[in-house]
1. Out of everything in the range 188-227 that is closer than 19 Å to ASP169 by Cα and in a strand (DSSP E or B), what residue ends up being farthest from the chain's Cα centre (by Cα)?
2. Is it the case that some residue within the range 173-181 is farther than 30 Å from TYR141 by Cβ, among the hydrophobic types (A, V, I, L, M, F, W, C) and exposed (fewer than 13 other Cβ atoms within 10 Å of the Cβ)?
3. Tell me whether the range 158-178 contains one or more residues that are more than 20 Å from THR26 (Cα to Cα), part of a strand (DSSP E or B) and of a type in the set (Gly, Ala, Ser).
4. What tally of residues in the range 16-38 results from selecting those that are surrounded by 14 or more Cβ atoms within 10 Å (Cβ to Cβ) and closer than 17 Å to TYR58 by Cβ?
5. Being of a type in the set (D, E, K, R) and more than 16 Å from TRP114 (Cβ to Cβ) is the filter here; which residues of the range 180-221 pass it?
6. How do the helices (runs of 4 or more DSSP H) wholly within the range 31-131 filter down when requiring 2 or more residues that are among the hydrophobic types (A, V, I, L, M, F, W, C) and under 14 Å from the mean Cα position of the chain (by Cα): which remain?
7. Could you list, in sequence order, the residues of the range 148-181 that are among the charged types (D, E, K, R) and under 28 Å from LYS20 (Cβ atoms)?
8. For the condition touching a strand residue (DSSP E or B) at 6+ places or on another chain (Cβ under 6 Å) and farther than 30 Å from ILE87 by Cβ, what is the one hit in HIS202, HIS187?
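Values in this text are rule-based calculations from the coordinates and carry no lab data. Keep in mind the model is a prediction, meaning the values are calculated, not measured. Methodologically, a virtual Cβ is constructed for each residue, glycine included, from the backbone with ideal geometry; neighbour enumeration extends over all protein chains shown.
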Amino acid sequence: MINKYFRPQFIECTIIISMKTLIIYTHPEPQSMNGAMFTTAVDTLTQAGHEVQVSDLYAMQFNPVSDRANFTSIHDPAFYKQQLEEIYATRVNGFAPSIEEEQRKVEWCDLMIWQFPLWWFSAPAILKGWVDRVFAMGRFYGQGHIYETGFFHDKKALLSLTTGGGEADYVQGGLNGDLAGILRPLHRGILEFTGFSVLRPHVVYGPARQSAEERAHELEAWKTRLIHIIDESPIGIGAY
């Protein structure tokens with residue numbers, strides 16, 4: 001017999017999907033807008049229940065010079081060819097400990113964010129040097145693993161950056177040209193080349209010319225985006 005006074009109790013459960021995020025932070029001044037965006041990202045993602053690892057390249061005093069110091073192994077002592085040394089190091093676990101640590105961070109993450117100022121229409125040299133040393137042939141690309149067949153086809157990447165000029169300077173026909181074209185070597189030539197799916201870049205235009213209130217608004221917009229970043233779709237080839 002059914003007890004008419006019985007009411008089943010349902011407990012509402014919220015399932016939190018955890019995402020592993022690696023943030024590569026590249027700015028020498030912690031009090032800069034880039035510094036604020038970096039700490040906002042770490043705090044927001046951590047509070048949302050995601051795992052976060054960081055590489056603060058300036059604080060680490062990361063050496064951007066790529067040479068034999070990348071390796072503990074030696075493939076050819078008579079002639080240095082970096083890609084051949086990378087392939088060999090991949091086979092014999094011959095990467096220097098500092099490089100191995102960075103490589104494992106990239107392999108660990110679901111989402112990689114680069115936080116940097118646009119310098120000379122590109123990323124700062126220390127960030128490019130990080131790529132030169134860490135993105136090794138045989139381990140991160142090669143042997144048929146590029147673009148759609150890349151090793152990182154299941155990962156996403158996002159460029160978060162600041163510019164010196166205003167938004168109108170970075171459009172087609174503007175003073176500096178289309179920002180999408182400026183970022184293409186990073187989007188296509190590094191990230192998509194190794195298999196990453198690229199998200200829409202997050203750009204703060206000319207923060208040095210903004211008021212404190214405007215910068216605070218930009219940080220709130222960044223925080224809001226990060227809260228929902230796990231659901232974002234890639235922009236796709238041809239969107240930049």
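1. TYR205
2. Checking the range 173-181: at least one residue is farther than 30 Å from TYR141 by Cβ, among the hydrophobic types (A, V, I, L, M, F, W, C) and exposed (fewer than 13 other Cβ atoms within 10 Å of the Cβ).
3. Residues of the range 158-178 that are more than 20 Å from THR26 (Cα to Cα), as a first pass: 166-178.
If we keep only those that are part of a strand (DSSP E or B) as well, we get none.
No; the residues of the range 158-178 include none that is more than 20 Å from THR26 (Cα to Cα), part of a strand (DSSP E or B) and of a type in the set (Gly, Ala, Ser).
4. 14
5. ARG209, GLU213, GLU214, ARG215, GLU218, GLU220
6. 33-47, 97-108
7. GLU148, ASP154, LYS155, LYS156 - these are the residues of the range 148-181 that are among the charged types (D, E, K, R) and under 28 Å from LYS20 (Cβ atoms).
8. Exactly one of HIS202, HIS187 is touching a strand residue (DSSP E or B) at 6+ places or on another chain (Cβ under 6 Å) and farther than 30 Å from ILE87 by Cβ, namely HIS202.
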